[in-house]
Amino acid sequence: MDEYLQTIADGDPLSRPEAEAVMTSMMNGSARDEHIAALLMGLRTRGETLDELVGFTKTMREFAVSVETDDLHAIDLCGTGGDGASTFNISTTASLIAAGAGVTVAKHGNRSVSSKSGSADVLEALGVQIDLEKEGVEHCLNEVGIAFLFAPFFHPAMRHVMPVRKSLGVRTFFNILGPLCNPASVTRQIVGAFNTHTAQTMARILAQLDADHVITLHSEDGMDEVSVSAATTLFEYDASEDNPVPRSQEISPEEHDVERAPVTALEGGTARENATLLHNILSGDDQSPRRDVAVLNAAYALHVSDQFSDLDACTEAAEESIDSGTALDTLKRLAHVSQKVKPD
């Protein structure tokens, strides 16, 4: 580690193999805490290169507990958090809508980062057993078409760096890596970021790590979701287009025939309160902007699955998932099946 710290201190970049070696030393516990802290702060100050981030991500994935899925069109919806918007659990709601539309969803998540309720918190409040290990998660994927992958269970090597991260109390490259390291090795993702630059960087990382179809995004109102309150900048990489550079575009709610609403209309609360909001959207009782934003995010998630002809078809499928009752049924089945396979 000493030689790599010297490289960073000199202001020079690490090569991708060097970045992989650095991450390996952190993940296997051989790096000392003071070295980890120096590395994290040195890179935060200088700014990480793409090669460094690709190397870090590749190695972190290798240390994750692997979840098997045979569905090459499986997707994930997650974000960096830290957007400070305190909305209800939009990605989690959209995940259940997407699963109700027939797409396999390996939902990677954790407890709260920027709100009172993270994906783990709200699913737990809805009766889903969140602390399933590999076999339980695979069973849910096969039986229900959606599973929750609780990050601490699938990234045990992170225990070596967590104390340092907490003591530093600032964002580091690990905030970027987490959403890019789905244990089910999905190659299709919607990833929200806490700013536009990070969204672009994440798309470029995924493009170099065998992604099939991914969209990373950040909205003008600060959300790490596709917004109904402001324009959203998307960075899309589609391997079938044979273009190594993710293309960017800005979309507005009006383009999707969605009426703009203030961010305050999307505010969430505690896990219990958000569970009620989520349930009311899936049941069809909530016809407010909360439904609009959930459907819009689900539509883009279905888009990266490449199982639908175009984005309009994705939107129709998301709407039908709610209106037919399959989205709510998916939640009920996930709660039932996950409880049946919960650990002793």
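Rule-based calculations on the coordinates, nothing more; no lab input. Note that the coordinates shown come from a computational prediction; the quantities given were computed from them, not determined experimentally. Cβ placement follows ideal geometry from the backbone for every residue including glycine, while neighbour counts extend to all protein chains displayed.
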Next item on the list: For region 2-63, report the convex hull volume of the alpha-carbon atoms normalised per residue, in Å³, without decimals.
Entry: 68 Å³
Next item on the list: Can you tell me the relative contact order of the chain? Whole percent, Cα pairs under 8 Å, sequence separation 6 or more.
Entry: 23 percent
Notebook entry, point to check: Which of the peptides 281-293, 30-42, 212-224 is most tightly packed, and how do the rest follow, judged by the mean count of other Cβ atoms within 10 Å per residue?
Noted result: 212-224, 281-293, 30-42
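Restricting attention to region 242-344, which GluC sites (Glu not before Pro) occupy a DSSP loop and are surrounded by at most 12 other Cβ atoms within 10 Å?
On the way: sites: 250, 254, 255, 259, 267, 273, 316, 319, 320; in loops: 259.
Here the GluC sites (Glu not before Pro) that fit, given the DSSP loop and packing criteria, are 259.
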Check: Listing 305, 66, 25, 15 from the residue with the fewest other Cβ atoms within 10 Å to the one with the most, what is the order?
Finding: 66, 15, 25, 305
Checklist line | Angle between the chain longest axis and helix 16-27 axis [Cα atoms, degrees, rounded to 10] | finding: 80 degrees
Next item on the list: Could you bin all the Cα-Cα distances of region 58-98 into 10 Å bins starting at 0 and give me the percent of pairs in each, rounded to whole numbers?
Entry: 20, 39, 34, 8
Checklist line | Of 23, 60, 162, the one that fluctuates the most in a GNM where the chain has Cα springs shorter than 10 Å | finding: 162
Notebook entry, point to check: In degrees from 0 to 90, rounded to the nearest 10, what is the angle of the helix 196-207 Cα long axis to the longest principal axis of the chain?
Noted result: 80 degrees
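Arrange the peptides 191-197, 333-339, 1-7 so that the one whose residues have, on average, the most other Cβ atoms within 10 Å appears first.
Details: 191-197: 21.3, 333-339: 18.9, 1-7: 12.9.
The densest-packed peptide leads the list: 191-197, 333-339, 1-7.
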Notebook entry, point to check: Roughly how tilted is helix 33-46, in degrees to the nearest 10 and between 0 and 90, from the longest Cα axis of the chain?
Noted result: 70 degrees
